[in-house]
Each structure stands twice: as structure tokens, then as C-alpha cells.
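Q: First the structure, then my questions, so here it is.
The values are calculated or read from the model by the stated rules, or taken from the named source; none is laboratory data. Here the structure is a predicted model, which is why all the values come from computation and not from measurement. For neighbour counting, all protein chains shown are included, and Cβ atoms are generated from backbone atoms with ideal geometry for every residue, glycine included.
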């Protein structure tokens with residue numbers, strides 16, 4: 001089984017930082033608007049401190065743990081994904097069920113030269129499998145290998 005690119009930890013940290021900042025906006029608004037209210041249900045600054053400690057802990061630990069447990073392997077007829085911190089999930093995608101492939105990047109992934117492969121399989125509209133944290137060249141090579149399998153399978 002192969003690991004994801006180590007740069008994905010930084011990408012995940014940046015995304016968690018952005019979410020933490022988004023959560024901080026209403027918390028700061030609450031703290032400022034209730035600064036001089038005498039009947040507060042929380043001591044001043046407690047909510048802000050809790051969000052900062054919780055967000056900081058998640059930013060530091062979650063990407064490390066996610067990276068440690070994300071693995072993938074391309075077998076002769078399937079793609080195997082293993083992931084999960086609290087709940088471990090092993091997904092086996094039969095390559096013959098793949099309808100089409102996408103290589104996707106958001107702005108942060110692009111900045112770090114990373115991409116994710118999205119495999120759309122036969123089934124419901126939620127039947128897409130995502131493999132994140134691959135170098136662009138690695139994602140293209142994996143896509144080409146899956147495409148070769150699909151072309152050989154149809155002959």
C-alpha cells in the first residue's frame with residue numbers, strides 16, 4: 001500500500017485553519033457584543049479560548065492522524081483505499097465499474113502541486129470515490145493506468 005504525498009498534511013492544515021477562522025467570526029462577534037453584559041451565561045473570553053484550543057488541536061493533530069491512516073494500492077483489477085482515524089474504512093473499487101475519471105485540484109492543492117482523483121462508478125449519484133493527496137504527475141499516471149485497464153477490458 002502506498003502513502004499519500006506528505007504535502008497533503010499542510011494542505012489539510014490550511015483548510016482546517018480557514019474553517020477555524022470562519023468559526024471564530026461569530027465567536028468574536030458574540031464576545032464583543034456581550035463584553036459588558038452582566039447576565040452572560042459564559043465567563044468573558046471562555047468561548048473564544050475553547051474555539052482557539054479546539055481549533056489549534058485539530059489543526060495540529062488531525063492532519064497527522066489522517067495522513068498516517070490513508071493508504072491506497074492499484075491492483076490488477078481494483079483500486080484499494082484504506083482510511084479513517086476513528087472509523088477505519090477499506091474501499092475496494094472494481095476498475096470495470098469505473099465510468100469516468102477526473103483529476104481535480106482546488107487552489108490550495110494547486111499551490112502545493114497536489115491533485116485528487118475522482119472515480120465515478122456505476123451506481124447512484126453518490127458513487128464517486130476520491131483519492132486525495134497525489135502529486136499531479138502521480139495522479140496522471142494513475143489515471144492513465146486505470147484508463148489502459150478500461151480500454152483493454154472493452155476489447
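Q: Checking residue 80 against (1) out of contact with any strand residue (DSSP E or B) (no Cβ under 8 Å at 6 or more places or on another chain); (2) surrounded by 13 or more Cβ atoms within 10 Å (Cβ to Cβ), which single condition isn't satisfied?
A: Here residue 80 meets the rest and fails (1).
Q: Same structure again: Take the stretch 111-155 and flag every residue that is on the phi > 0 side of the Ramachandran plot and modelled with pLDDT of 90 or more.
A: Hits for the stretch 111-155 are 113, 133.
Q: Let me ask something else about it. Can you tell me which residues in the stretch 3-58 are touching a strand residue (DSSP E or B) at 6+ places or on another chain (Cβ under 8 Å) and in a helix (DSSP H, G or I)?
A: Once the filter is applied, which keeps residues that are touching a strand residue (DSSP E or B) at 6+ places or on another chain (Cβ under 8 Å) and in a helix (DSSP H, G or I), the stretch 3-58 yields 7, 8, 11.
Q: Go through the residues of the stretch 61-79 one by one and say whether even a single one is within 28 Å of residue 22 (Cα to Cα), in contact with a helix residue (DSSP H, G or I) (Cβ under 6 Å, 6 or more places away or on another chain) and not in a strand (DSSP E or B).
A: Yes, the stretch 61-79 has at least one match.
Q: Can you name every residue in the stretch 31-63 that is more than 29 Å from residue 15 (Cα to Cα) and either loosely packed, with under 11 Cβ neighbours inside 10 Å or in contact (Cβ under 8 Å) with a residue 12 or more places away in the chain (or both)?
A: If the condition is that a residue be more than 29 Å from residue 15 (Cα to Cα) and either loosely packed, with under 11 Cβ neighbours inside 10 Å or in contact (Cβ under 8 Å) with a residue 12 or more places away in the chain (or both), then 35, 36, 37, 38, 39, 41, 43 are the ones that fit.
Q: Can you report the number of residues in the stretch 85-108 which are farther than 14 Å from residue 142 by Cβ and either in contact with a helix residue (DSSP H, G or I) (Cβ under 6 Å, 6 or more places away or on another chain) or not assigned by the TED database to the domain that holds residue 142 (or both)?
A: 3
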